[in-house]
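Single-structure report; data block below.
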Amino acid sequence: MTHSAAPSRLSPNYRWVILALLFCAGYLNQFDRQTVSVLKATLKLDFGIDDAGYAVLVNAFTVCYAIAYIASGWVVDRVGPKRALTWFIAVWSLATVGCGIVHSLWLMVFLRGLLGLAEPGLFPVTIRTATAWVEDKGRGFFMALGTIGTSIGGITAVPIIAWLTIHMHWRWAFVLPGVMGLLVAAAWWKFYREPERPAAEAAAEPAAVRPALPWKSLWREKALWGIVLVRLVSDPVWYFCLFWMPGYLQESKQVSIGLLGVIGWIPFLCANVGGLAFTALSDWRAKQRGLLGRKHLVMLTAVAGPLCWLVPQSSIAVTILLFCLIAVLCNAWLGSLAPMIAQLFPMGNVASVYGISGAFGASGAILFNYLIGQAAGRFGMEPLFLAMGLLHPLAALIMFLLVREKRPAAAPVALNA
């Protein structure tokens, strides 16, 4: 007998139980993802690899992440958030435990790939759950709260992993969070329920009650291509913060792993607080001017992109400040694109659209990771920071041109004889 996630007459306040579970899942999702970046110098020494070898380890995750993002959105729309997220958390947690046990680089590459197959499913589940439980005027903030666990995972991963490495062994940084993830998977399976959404609330949102578009028709939507190209261009900056920033601080700014544990979490804290504040402001603008208000606010932040150009010449303190601002910029974009998708597409398509866009974002990161691995040793990091500074302004131009609500077709005008 299967556990049902059928619509129930639970109080709207039950959404906070679901939010707490999404927070825990998000925390472990980011913690498990970031372990390799914090341990970059340690893993390079233990496995005898250079930056090109490390890029292979990173891209094993990122390639699988990109491929699975499209499929994960489809899975969520097909089987629902309850079963989907239970599977996703269980698989990524087992892969994480495995990384702490294996002694072969290629087995770790395989397990990081498995992690990449499972982790992207969290985000289509979050947007699908928020679309079902929360009305548009507060949805962006709810999504931000739901994914705030990922930011806090990024904040605490650096000092916790550094502490475990210094006082125990780096392998515990994989095993402990992996075991915790299995407990979260069990809790999600037990407690998740679908809401019985009030009809009046649904009627206020045309996208929520529109029938889902067929898969082939979805790819013909101009707004879909706008969203996916925006993420293709802008996501590599955030992936750099996740996978390369800790190692960059250690290798280019001579930051020890102990000092990294003290300062390396600060950009992720700023991303967390700044991104949450920005999504609240974005919701406020959406109440006033709908999608246009949200879109214009996001585009305005792209002026901060060229701050990347200042990083190579800066002191450690200024570098951390710049990474803080860059991380806020990235989270502001990621936090605002999800409610845009919910405004633009039927509820039956939102998980798929988010999955497709995430796949394109990860694909951009794959290419950028490869360029970093090939170019860093030969040319240094300066050309890469120059390129990163241009990505968000380019994404803003794409958003301006392509991300628009479809106008309803005009009714035919009757001619009097």
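The values are calculated or read from the model by the stated rules, or taken from the named source; none is laboratory data. Note that this is a predicted model, so its numbers are computed, not measured. Note that each Cβ is placed from the backbone with ideal geometry, even for glycine, and that neighbours are counted across all protein chains shown.
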### Task
Could you pull out the residue among Gly355, Gly348 that is touching a Ser or Thr at 6+ places or on another chain (Cβ under 8 Å) and over 19 Å from Lys40 (Cβ atoms)?
Gly355
### Message
Tell me the residue from Gly305, Gly373, Gly364 that is touching a Phe, Trp or Tyr at 6+ places or on another chain (Cβ under 9 Å), at pLDDT 80 or above and assigned to a helix (DSSP H, G or I), please.
### Response
Gly364
### Task
Would you point out the residue of region 1-35, among those that are over 19 Å from Thr126 (Cα atoms) and part of a helix (DSSP H, G or I), that is modelled with the lowest pLDDT?
Gln34
### Query
Just checking, which of Phe360, Phe400, Phe345 is within 18 Å of the chain's Cα centre (by Cα) and not aliphatic (A, V, I, L, M)?
Phe360
### Message
What pairs come out if I take residues in region 38-51 that are closer than 14 Å to Gly100 by Cα and pair them with residues that are part of a loop (DSSP other than H, G, I, E, B) whose C-beta lies under 7 Å away, six or more apart or interchain?
### Response
Leu39/Trp170; Thr42/Trp170
### Query
Looking at region 121-130, is at least one residue over 18 Å from Leu242 (Cβ atoms), of a type outside the set (S, T, N, Q) and surrounded by fewer than 19 Cβ atoms within 10 Å (Cβ to Cβ)?
no
### Conditions (1) under 30 Å from Gly264 (Cα atoms); (2) of a type in the set (A, V, I, L, M); (3) at pLDDT 75 or above: number failed by Ala186
(1)
### Query
Picking from Ala68, Ala60, Ala52, Ala95, which residue would you name as being touching a helix residue (DSSP H, G or I) at 6+ places or on another chain (Cβ under 6 Å), crowded, with 17+ Cβ neighbours inside 10 Å and farther than 12 Å from Glu119 by Cβ?
Ala60
### Task
Answer with yes or no whether Leu390 is closer than 20 Å to Gln313 by Cβ, of a type outside the set (Gly, Ala, Ser) and surrounded by 21 or more Cβ atoms within 10 Å (Cβ to Cβ).
no
### Query
Is it the case that region 99-112 has a residue that's buried (at least 18 other Cβ atoms within 10 Å of the Cβ), touching a residue at least 60 places away in the same chain (Cβ under 8 Å) and within 18 Å of the chain's Cα centre (by Cα)?
yes
### Query
Somewhere in region 315-330, is a residue surrounded by fewer than 17 Cβ atoms within 10 Å (Cβ to Cβ), closer than 19 Å to Trp244 by Cα, modelled with pLDDT of 80 or more and among the polar types (S, T, N, Q)?
yes
### Query
Which residue pairs have Cβ atoms closer than 9 Å, lie 6 or more positions apart in sequence or on different chains, and pair a first residue in region 239-250 that is touching a residue at least 60 places away in the same chain (Cβ under 8 Å) with a second residue that is in a helix (DSSP H, G or I) and acidic (Asp, Glu)?
Gly247/Asp51
### Query
Out of curiosity, is Pro306 under 19 Å from Gly389 (Cα atoms) and surrounded by fewer than 17 Cβ atoms within 10 Å (Cβ to Cβ)?
yes
### Task
For region 208-239, name all the residues that are buried (at least 18 other Cβ atoms within 10 Å of the Cβ) and modelled with pLDDT under 85.
Ala208, Leu213, Tyr239
### Query
When you go through (1) modelled with pLDDT under 85; (2) farther than 28 Å from Trp219 by Cβ; (3) part of a helix (DSSP H, G or I) one by one for Phe385, which number turns out not to apply?
(1)
### Query
From the residues in region 345-387 that are of a type in the set (Phe, Trp, Tyr) and under 20 Å from Ile127 (Cα atoms), which one is surrounded by the fewest Cβ atoms within 10 Å (Cβ to Cβ)?
Phe360
### Task
State whether one or more residues within region 287-297 are surrounded by 21 or more Cβ atoms within 10 Å (Cβ to Cβ), in a helix (DSSP H, G or I) and among the aliphatic types (A, V, I, L, M).
no
## Note on the structure
Within region 74-92, of all residues that are of a type outside the set (Gly, Ala, Ser) and out of contact with any helix residue (DSSP H, G or I) (no Cβ under 6 Å at 6 or more places or on another chain), the one modelled with the highest pLDDT is Trp87
#### Entry: Of all residues making up region 241-284, the number that are under 15 Å from the mean Cα position of the chain (by Cα), over 10 Å from Ala327 (Cα atoms), among the hydrophobic types (A, V, I, L, M, F, W, C) and surrounded by 23 or more Cβ atoms within 10 Å (Cβ to Cβ)
1
